[in-house]
Each structure stands twice: as C-alpha cells, then as structure tokens.
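The values are calculated or read from the model by the stated rules, or taken from the named source; none is laboratory data. Fair warning: this is a prediction, and the values are worked out from it, not measured in the lab. Here Cβ is always computed from backbone atoms with ideal geometry, including for glycine, and neighbour counts include all displayed protein chains. Calculation scope for accessible area: heavy atoms of the full protein, side chains included, ligands and nucleic acids excluded. Shrake-Rupley method; radii C 1.70, N 1.55, O 1.52, S 1.80 Å.
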Amino acid sequence: MTKSISTKKLFLLSEAAVVLVVLAAVQVVMFLVPGEFVPIYQRVFRPAVYFAVTIIYLIYSGRDERGAVKARESVAVAVFFAVLYAGAFAVTGIFLGFSRNMEVSSLQSVIRNFWIYGTTAILTEILRIRIIRGAPEKYRDKIAPIVVFVYTFIQIDEARRLFTLEIRGILEFFFISFLPVLVLNTLLTHMARGGALKSLIVIRLLSLAPALLPVLPGVHRAVWAAVVSTLYFLAMFIYILSTKESNPQAARITKRYAKYDKKPLKAPIFFTVCVVLLFMFNAKVFRYYPSVVLTPSMSGTFEPGAVVFIEKVKPERVYYTVEQGDVIHFKYRSVERVHRVMDFRYSSDDELLYITQGDANPAPDSTPVKQEEVYGIVKAYIPHLGYPVLIWDSFFRRQAQPL
C-alpha cells in the first residue's frame, strides 16, 4: 500500500512538472519567433496550446473532490482587493486625470486582448490550483517557488525585448513589469493551497485591467506599478493573517475530502471545448466568421445590432468570387465595413477595384476597395443578436472624445 501511494505521488509531481515545462517552452518559443509572427502566435498558437494542456491535464488528473478549505477567506480577500483596486483606480484618476488607453481603442481590441490574455489567465489559474493541491502536502512548499517563477516568466511578454535594453530600460522593466507580476504570482500561489478558484481568477483578471479598459489613470507606469504591487502585498498580508490560526474544522474537511476518488470531467471538458470553438469562430479560424453591424448604412437589408455571417475569401480568389451585388466585408481607411458592391473599376495599374455603397447611403463610398482589402462575402445574418456589442461600441465611441 505504501509503495502504491508513493508511486501515485511521484506521478502527480511528474504531471505538474510536465505542465510547467510546456508552459515555459511556449513562452520561450514566443521569444524566438520573428516579430511579425508574434501577434499570430499570441492569438492562435498560445491559447490553443493552453487549452490543450488544461484539458489533457484535467482528464489525466480527474476531478478533485477536495474542497477549498479556506474558500471563505480567499473570496473575502478577493472582494477586498477588488474594492481597493477600484478605489485606487478611481481616486488616482480623479486627482491626476484619466487618459485614453491607446491599446484599447475599440470593442474589437477588448475582445482581442481578452482572448490573448484573459483566456490564458483563466486557464493558467485552473492549472495553478490543480498543480499546488495535487502535490503531496510535504512537497507543496518546494513546488510553490517553481510555480511562482514559471508563472512570472510566462506572463511577461515584454521580456522579449529585454536584451535590447540599456541599464535604465532594464531597471524600468524590473520595477514596472517584473516586480508586480512576481508579487501577484506569489499571492495567487499562496492562495491556491486552500483558496477558491474564483478568488484567484478575480484577482488575476483585475491585474489585466490595463489591457482591457479604454481609459487609465493619467500617471506614469512606474507609479501605477508601485500602487498595484502595494495592493498585492496588502492582499497577501491580509490572507495570511486570516488563515494563520489553525482551524480544526478545516483539517477535518481536508481529511474527509482526501478519501474521495477523482471522477471524470465530462461536463467541464464539454463546456471548455464549446468555449474554445466559440472563440475560434469569432477569431476567424474557420471558413465562416461573424461580425456585428454597428452603423445604419445598410438599413433596409440589416439594421444596427444584427450579426452577419461572412464566408472568407482568399485574396487570390477575390477576383473570381466577388460579383456585382454581393455584400462584402472589407477594410476601408483602416476601418472594417460591410457594404454592397455596386460597380467595378480598373486602376491605372490595371488592378480591379470595387465601388461599394451602403444600401441606406445616398452615394457610393469615396474610395474604391482593392482586392487585398476584401475579407469575405456576407452569406446570412441574424437580427438583434449583436445588441450587447452595439451598446459597448457606443461606449467606446464616447470615450474616443477628447478627455
């Protein structure tokens, strides 16, 4: 019996080691790929690998029936941290002013950044809590620093340019990028031992506010990094104090849950697969992809808030596929539009151009559309389905006004 338990512990540790190595390897590869491929790597390859690793690890490790014995404390700390974070954000902005976040200029950029950073954040927190709790009790103190180091490494994409920086740039990188992430992961790894998963996800998503909010406090990044690091330290201090005393009831719960067998994860895995497919559909991975109509230029055909479904057309096939009367999705002066092809024209270089016009517009678009600017042809639509996106977009348009 003792031998069997030892073998099981060794297997759990080896699983965790493989997961950490894979996550670190994914980040190393991102540092090595050419700069022009980094956006594709971040949007497609890295999330796909994280989803695959999470699903495989959950399948092999099974459902963990052991409860979060310090769930109440961790949730309280997460709520407390959220209030402090929101308060610091508001107070700093009120007294020092707000500024537009140039990395989040539209709803599409929010969705893109959430896909790149938010989904990977949620997945890595699921892995973190399973790695820490899956390790035997006497090994958790040894594996925790490794988790902190690996997670800090995989969350700092700016490290790609570290070797090109001078001394001042390296110091800024340390205090602005590295230190807050290190403190954050120390907090979350400590909470993972007995806290609830939702509390870890709340704190982690709050840390992504600079990548998801259209406005930020108008302070230097170093100042905001110092504020955030202080909040992480304070949250960790409060959590340690709230869980310092031994809790006999928690010990009994841990002992009782430890005897439960692990069960398959059919429902969570099915849900995860559906979420992956939905994001891949929205990220234009498949032949068809959706887009929300945001303006009334096509009123009479489909109104603002409708979701149109577009068939992708390869640039070399646009000449043979797009015909007069087709409603196409294209890039118009750095803005994506959905208008109808009214006519054709040839440029001085004998290149075919498309004359487009919204069905509700009195005149054609002023600039003809090139073949390489055409993304696809609208094939179907569902009215009203995109109203939430329409509301969000109107919010961003208001934020685009000078502050």
### Query
Which peptide among 32-38, 325-331 comes first, and what is the full order, when sorted by highest mean count of other Cβ atoms within 10 Å?
325-331, 32-38
### Query
Taking 0.36 nm per intervening residue step and subtracting the Cα-Cα distance, what contour gain separates residue 86 from residue 379 on full extension?
101.1 nm
### Query
Quick one: length gained pulling residue 146 to residue 158 fully straight, 0.36 nm per residue minus the C-alpha distance?
2.3 nm
### Query
Ignoring any ligand, DNA or RNA, what whole percent of the accessible area of segment 21-125 comes from carbon and sulfur when the probe is 1.4 angstrom?
72 percent
### Task
Just list whichever of 198/331; 198/284; 142/284 have alpha carbons separated by over 32 Å in the model shown.
198/331; 142/284
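If packing is taken as the average count of other Cβ atoms within 10 Å, what order do 314-324, 337-347 fall into, highest mean first?
337-347, 314-324
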### Task
Just tell me which aspartates and glutamates come within less than 19 Å, Cα to Cα, of residue 314; anything on the same chain fewer than 8 places away is out.
323, 326, 336, 351, 372, 373
### Query
Do you know the relative contact order of segment 43-175, to the nearest whole percent, from alpha carbon pairs under 8 angstrom that are 6+ apart?
35 percent
#### Entry: Net length gained if the chain between residue 278 and residue 349 were fully extended (0.36 nm per residue, minus Cα distance)
21.4 nm
### Query
How would you order 378-384, 175-181 from highest to lowest mean count of nearby Cβ atoms within 10 Å?
175-181, 378-384
### Message
Is the C-alpha gyration tensor of segment 67-127 telling us rounded, prolate or oblate? Criteria: a/c under 1.5 is rounded; beyond that, a/b larger than b/c is prolate, otherwise oblate.
### Response
oblate
### Of 54, 69, 101, farthest towards positive along the dipole that unit charges on Lys, Arg, Asp, Glu beta carbons give segment 36-106
69
## Note on the structure
In terms of the alpha carbon gyration tensor, root eigenvalues a ≥ b ≥ c, rounded if a/c is under 1.5 and otherwise prolate when a/b exceeds b/c or oblate, segment 88-175 is prolate
### Task
Taking 7 Å along the Cα-to-C-beta vector as the label spot, tell me the residue 170-residue 244 distance in nanometres, rounded to one decimal.
3.8 nm
